[in-house]
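Enquirer: Quick one: the structure is below, and I'll ask about it shortly.
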Amino acid sequence: MALLPILHYPDARLHTKAQSVAVIDDRVRQLVKDMAETMYAAPGVGLAATQVNVHERIVVIDVSETKSELRALINPVILERRGEQLCEEGCLSVPGIYEDVSRAEWVRVRASNENGEVIEFEAEGLLAVCVQHELDHLDGKVFVEYLSLLKQNRIKSKLAKRARITV
């Protein structure tokens, strides 16, 4: 397994719309393993392939306290949404930034897992937020784009300043 480099906002590649996975093979299964290792090491609770510059519809998520409930979602689709919740979100591609975002409170999702089996599940709370957040990445959208232009510009400035300091 390998740690993959994570793209950081406002990198234009984060806005690339991911393509469907045609065949779930050993290459895809290895990518899922590498993405999971990268997510856990970061540490985070979700990672979309777009964030590691692979523009395929693949997401890994684990919102458990014990990091023992990894979900690999390949070609995920939200079938249904209900309710609304405001939740503070962060993102491995926007390190150190946390902002409130409004999301559906409950979602029903269909995807394939790394074995090619079609799965369907319902999610609420943090899992629902994480699913919506990661699927946004697959569509080329970063959570800060839900914020005002003023907040987006402040975040870009803060990240640019941080990048200059660490170089």
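Enquirer: Could you pull out every residue, at least 5 positions away or on a different chain, whose amide H is within less than 5 Å of the one on TRP106? Hs are placed 1.01 Å off N in the peptide plane, and Pro or chain starts have none.
Expert: Under 5 Å from the amide H of TRP106 lie the amide H atoms of ARG82, each far enough along the sequence or on another chain.
Enquirer: Place a +1 charge on the Cβ of each Lys and Arg in the chain and a -1 charge on the Cβ of each Asp and Glu, then give the dipole magnitude about the Cα centre in debye, rounded to the nearest 20. Please report the intermediate quantities before stating the final value.
Expert: Values: 21 positive and 25 negative charges, 180 e Å.
Rounded to the nearest 20 debye, it is 860 debye.
Enquirer: For labels at LEU126 and SER157 in the simple 7 Å Cα→Cβ model, what's the distance in nm?
Expert: The modelled label-to-label distance comes out at 3.3 nm.
Enquirer: Shifting gears a bit: Please list, ordered by chain and number, the residues whose modelled amide H lies under 5 Å from the amide H of GLY46; skip anything fewer than 5 residues away on the same chain.
Expert: Amide H neighbours of GLY46, under 5 Å, 5+ apart: ASP62.
Enquirer: Using 7 Å Cα-to-Cβ label points, what is the GLU69/ILE119 separation (nm, one decimal)?
Expert: 1.1
Enquirer: Summing +1 for each Lys or Arg and -1 for each Asp or Glu, what net charge is found among the other residues whose Cβ lies under 9 Å from the Cβ of ASP100? Can you show the working numbers first?
Expert: Values: positive: none; negative: GLU88, GLU89, GLU99.
Charge balance in the 9 Å sphere: -3.
Enquirer: List nothing, just return the count: lysine pairs in the chain, 8 or more apart or interchain, with Cα separation under 30 Å.
Expert: Lysine pairs meeting the criterion: 15.
Enquirer: Hey, what do the phi angles of the stretch 153-158 turn into as Karplus ³J(HN,Hα) couplings, whole Hz, using 6.51/-1.76/1.60 and θ = phi - 60°, x for Gly and Pro?
Expert: With the stated coefficients, the stretch 153-158 comes to 5, 4, 5, 4, 5, 4 Hz.
Enquirer: Computed from the coordinates I sent, mean projected area of the Cα convex hull in nm² equals one of [x] 11.5; [y] 9.7; [z] 10.1. Tell me the label.
Expert: Here mean projected area of the Cα convex hull in nm² agrees with entry [y].
Enquirer: Show THR66, THR16 ordered by accessible area, largest first, where the area counts protein heavy atoms only and the probe is 1.4 Å. Provide the component values of the computation, followed by the final result.
Expert: Details: THR66 105, THR16 50 Å².
Most to least solvent-accessible, the answer reads THR66, THR16.
Enquirer: Once phi is turned into ³J(HN,Hα) by the Karplus curve 6.51 cos²θ - 1.76 cosθ + 1.60 with θ = phi - 60°, what whole-Hz value does each residue of the stretch 135-152 show in order, with x for glycine and proline?
Expert: Each residue's phi maps through the Karplus curve to give 5, 4, 4, 5, 9, x, 10, 9, 3, 5, 6, 7, 8, 5, 4, 4, 5, 4 Hz.
The values are calculated or read from the model by the stated rules, or taken from the named source; none is laboratory data. Treat the numbers as computed from the prediction; the structure is a model and nothing was measured. Neighbour counts run over all protein chains shown; Cβ positions are idealised from the backbone, glycine included. Please note that ligands, DNA and RNA were not included when accessible areas were found on the heavy atoms of the full protein model with its side chains. Shrake-Rupley method; radii C 1.70, N 1.55, O 1.52, S 1.80 Å.
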